[in-house]
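Only the coordinates and a few stated rules stand behind these numbers; no lab work does. The shown structure was predicted, so the numbers you read here are calculated from the model rather than taken from an experiment. Glycine gets a Cβ as well: all are built from the backbone with ideal geometry, and neighbour counts include every protein chain shown.
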Amino acid sequence: MGYEQIIGSTTGSITVFPSQRTWWGGTTWPDYPPPEFWQQICENQRQAIEDYRLHVERIAQAQQIVAHDSHREANQHARALLLSTLTDEQRHQYETESWFEVESREFPGRRYRLHPVPSINIDIIQDGDRISRLCAGPRGVPVADVQLTQKLMLEADEEAFLQIAVFHPLPGMRM
């Protein structure tokens, strides 16, 4: 006959026709969508999730590029500012050796050699011999800005700079 009769509870039964279903009160509703419909819904959801994931990934990559460009630009500006404050001799040292020296005003025969690294970047040179290393400077800023700050402090108030700097003895050295 083209239909099935399903016996339900004692209160009624559902008659299932190919195109509609009838509840015991005479209410009808269409057949559930075919499995292909639900498969398409699931595929659409998977694709939407993948599209969203790719979108978030692209945003993260764009943010990294902007941060990298900002960091590179900050380093370039910091380097230009540092070079503008160096004497001709210091600039020559910086461009040929990648470090420069600041002469002590407090201790005769002493120089401070500033290297372009984020920490423990200052050698104390006394009468031509390296006697210790220093570390003093902020983190998270371009290295050239750290060097400029150290240079200006050593020139302006060497004693105050030495009070805040951390001394690092050389290997085999006792302090």
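One table, with the values for the structure above:
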| quantity | calculated |
| --- | --- |
| Per-pair calculated FRET efficiency, R0 = 45 Å: Ile49 and Ile131 via Cβ, rounded to 0.05 | 0.10 |
| Cα-projected label distance for Glu95 with Ala156, points at 7 Å along beta-carbon direction, nm | 2.7 nm |
| Gain upon complete extension [Leu83, Val56; 0.36 nm per residue less C-alpha separation] | 5.7 nm |
| Local electrostatic count, Ala160, Cβ distance below 15 Å [Lys/Arg +1, Asp/Glu -1] | -3 |
| Amide hydrogen neighbours beyond the local backbone of Val141, cut-off 5 Å, H modeled | none |
| Global geometry of region 45-175, whether rounded, prolate or oblate, following the gyration tensor of its Cα atoms and the 1.5 cut on a/c | prolate |
| Value of relative contact order over region 83-138, rounded to a whole percent, pairs C-alpha under 8 Å and six or more apart | 20 percent |
| Relative contact order for region 33-175, counting Cα pairs under 8 Å that sit 6 or more residues apart, in percent | 17 percent |
